[in-house]
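Asker: Mind looking over this structure? Questions follow.
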Amino acid sequence: MSAKIFKTPQQWREQLTVEQYRITREAGTERPFSGEHYFHNRLGRYHCICCNALLFESTTKFDAGCGWPSFWEEAVPGSIVRIRDSSHGMIRTEVRCAQCDAHLGHVFDDGPPPTGERYCINSVALHFVPQDS
Ligand SMILES: [Zn+2]
């Protein structure tokens with residue numbers, strides 16, 4: 001695990017698009033079925049859009065029918081932190097990039113085997129690197 005990354009809001013704004021900033025730094029949510037990573041199933045790896053940390057492998061991606069890319073396991077243990085989220089009148093578990101604190105989405109306990117978990121992640125928070133590149 002590499003060192004934590006800290007940047008000011010201004011520095012993040014210069015690096016990210018408006019939508020990327022809204023999702024990752026202000027805990028926003030993209031519209032379901034709108035994200036670029038939802039429909040494709042190419043082999044590769046998904047990295048944090050903010051700091052490039054490896055977060056998910058395509059081999060753990062599955063279609064949960066929810067409109068956001070879903071994964072049943074993080075790529076590297078400890079690469080994602082979990083935070084209790086009681087916003088919007090719900091008790092959920094928010095997931096963030098451990099390295100830069102970017103908001104990624106939420107994790108639920110109704111996923112497939114072997115973990116039974118479902119990471120529901122905003123496409124905007126992810127940078128996809130195809131295996132054949
Ligand atoms: Zn990150």
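Asker: Counting only residues that are basic (Lys, Arg), surrounded by fewer than 19 Cβ atoms within 10 Å (Cβ to Cβ) and in a strand (DSSP E or B), which one in region 37-91 is farthest from the ligand (Cβ to nearest atom)?
Answerer: Quick first cut of region 37-91, residues basic (Lys, Arg) only: 42, 45, 61, 82, 84.
Remaining after also requiring surrounded by fewer than 19 Cβ atoms within 10 Å (Cβ to Cβ): 42, 45, 82, 84.
From what's left, in a strand (DSSP E or B): 45, 82, 84.
Values: Arg45: 14, Arg82: 15, Arg84: 20 Å.
That would be Arg84.
Asker: Are any residues in region 92-116 over 14 Å from the mean Cα position of the chain (by Cα) and within 28 Å of Ile5 (Cα to Cα), and if so, which ones?
Answerer: Arg92
Asker: Out of the residues in region 5-49 that are aliphatic (A, V, I, L, M) and within 12 Å of the chain's Cα centre (by Cα), which is farthest from Thr59 (Cα to Cα)?
Answerer: Ala27
Asker: So in region 92-113, with the set limited to residues that are among the aliphatic types (A, V, I, L, M) and assigned to a strand (DSSP E or B), which one is farthest from Gln15 (Cα to Cα)?
Answerer: It comes out as Val107.
Asker: Which of the following residues is polar (S, T, N, Q) and either under 19 Å from Ala3 (Cα atoms) or touching a strand residue (DSSP E or B) at 6+ places or on another chain (Cβ under 9 Å) (or both): Ser86, Ser34?
Answerer: So the residue among Ser86, Ser34 that is polar (S, T, N, Q) and either under 19 Å from Ala3 (Cα atoms) or touching a strand residue (DSSP E or B) at 6+ places or on another chain (Cβ under 9 Å) (or both) is Ser86.
Quick note: the coordinates plus some simple rules give every number you see, no bench work behind them. Predicted model only: the values in this text are computed from it and were never measured. So basically every Cβ, Gly included, is an ideal-geometry build from the backbone, and we count neighbours across all protein chains shown.
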